Structure formats: structure tokens, C-alpha cells
């Protein structure tokens with residue numbers, strides 16, 4: 001399934017001419033976690049075990065981190081090749097998907113390499129984890145939709 005940016009009110013801008021969103025999927029032995037982030041601040045985190053947080057972008061600090069994440073992907077897009085493939089990552093791996101106006105791009109990498117700065121997309125990975133941290137803090141405080 002492909003998200004139509006126009007259908008959700010997103011269009012290219014001076015700051016974000018190519019990218020309108022990001023998905024980061026992380027594989028674990030027991031399943032997956034998926035972060036979805038759009039240029040308008042829409043932010044959700046889902047797990048394959050049924051948990052997650054939706055509506056996180058309603059919180060200013062989450063929306064700000066989401067904006068930074070989408071900008072990071074815009075800046076790194078040349079490192080993320082076009083890829084219509086929709087596979088889920090294996091345990092210990094991460095798929096970073098750039099949602100662009102011309103179609104999806106994706107990179108599959110080792111989580112350890114991304115986390116320890118050994119991959120060119122480490123800044124994107126860390127920006128995504130900043131979003132996840134802010135979502136988690138809101139969820140733990142009981143201040144947001146779940």
C-alpha cells in the first residue's frame with residue numbers, strides 16, 4: 001500500500017521538495033516496531049504485538065522531533081535508493097523508508113551499525129530515536145493518545 005501525499009494534504013515545499021514522510025521498521029526476535037512520521041507532524045509508533053502510540057504529533061515536542069526527522073531524511077535522500085519492496089526487517093536489522101513524491105526509497109541496515117555511527121544513515125536513525133523517546137515519555141506520563 002502506498003500513501004498518497006496529496007490525499008492527506010501534503011505537497012512539496014521549499015524546505016522539503018522530495019520527502020513527505022519516513023517509516024523506520026526495526027526487527028526484534030519477537031516481532032517488529034514501526035515508526036511512522038509525516039511532514040505535517042503526524043507521528044505514530046506501532047508494534048507487531050499490538051501495542052503502540054498514535055496521535056503523538058499532537059504534542060508540540062513530538063511534532064518538532066518529527067519535523068527534524070523528516071528534514072534529516074530529505075538531506076540524506078541521495079543515500080537511500082528507490083525501492084518499492086515492502087519486506088519487514090530481520091531481528092537486529094532496521095529498514096528506513098523515505099516516503100517521497102516520486103515513490104518509496106528504502107535501506108536495510110544493521111541496527112548496531114546505525115546506532116554506533118558506522119552507517120551513513122546513523123543521523124537519521126538517531127533522529128528517529130529522538131521521536132521514539134519523546135513518544136515514550138508522553139505515553140509514560142499518560143499525556144497522550146495510545
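From the residues in segment 137-146 that are assigned to a helix (DSSP H, G or I) and surrounded by 14 or more Cβ atoms within 10 Å (Cβ to Cβ), which one is modelled with the lowest pLDDT?
If we take residues in segment 137-146 being assigned to a helix (DSSP H, G or I) and surrounded by 14 or more Cβ atoms within 10 Å (Cβ to Cβ), then 139 is modelled with the lowest pLDDT.
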Go through segment 12-34 residue by residue and tally those that are under 21 Å from residue 78 (Cα atoms) and either in a strand (DSSP E or B) or at pLDDT below 95 (or both). 7
In segment 69-106, what residues are within 17 Å of residue 33 (Cβ to Cβ) and part of a strand (DSSP E or B)? 91, 93, 94, 95, 96, 97, 106
Residues satisfying the stated conditions in segment 46-79, i.e. closer than 27 Å to residue 90 by Cα, touching a helix residue (DSSP H, G or I) at 6+ places or on another chain (Cβ under 7 Å) and at pLDDT below 95: 53, 56
How about segment 104-131: which of its residues are touching a residue at least 60 places away in the same chain (Cβ under 8 Å) and surrounded by fewer than 20 Cβ atoms within 10 Å (Cβ to Cβ)? 104, 111, 130
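Do you know which of the residues in segment 84-101 that are over 13 Å from the mean Cα position of the chain (by Cα) and at pLDDT 95 or above is nearest to residue 25 (Cα to Cα)? Please lay out each step first, then the result.
Within segment 84-101, the first condition is being over 13 Å from the mean Cα position of the chain (by Cα), and the residues that meet it are 84-93, 101.
Subsequent filtering for residues that are at pLDDT 95 or above retains 89-93, 101.
Numbers: 89: 7, 90: 10, 91: 11, 92: 11, 93: 8, 101: 20 Å.
Within segment 84-101, the match that is nearest to residue 25 (Cα to Cα) is 89.
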Tell me, yes or no, whether segment 55-67 has at least one residue that is touching a residue at least 12 places away in the same chain (Cβ under 8 Å), in a loop (DSSP other than H, G, I, E, B) and either under 12 Å from the mean Cα position of the chain (by Cα) or within 21 Å of residue 140 (Cβ to Cβ) (or both). yes
For segment 14-34, give me each residue that is closer than 21 Å to residue 67 by Cβ, surrounded by 10 or more Cβ atoms within 10 Å (Cβ to Cβ) and out of contact with any helix residue (DSSP H, G or I) (no Cβ under 9 Å at 6 or more places or on another chain). 23, 25, 34
Looking at residue 37, is it in a strand (DSSP E or B), at pLDDT 95 or above, within 13 Å of the chain's Cα centre (by Cα) and surrounded by fewer than 20 Cβ atoms within 10 Å (Cβ to Cβ)? no
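The values are calculated or read from the model by the stated rules, or taken from the named source; none is laboratory data. Predicted, not measured: the structure shown is a model, and the values here were computed from it. A quick note on method: Cβ atoms are made from the backbone with ideal geometry, for glycine too, and the neighbour counts reach across all protein chains shown.
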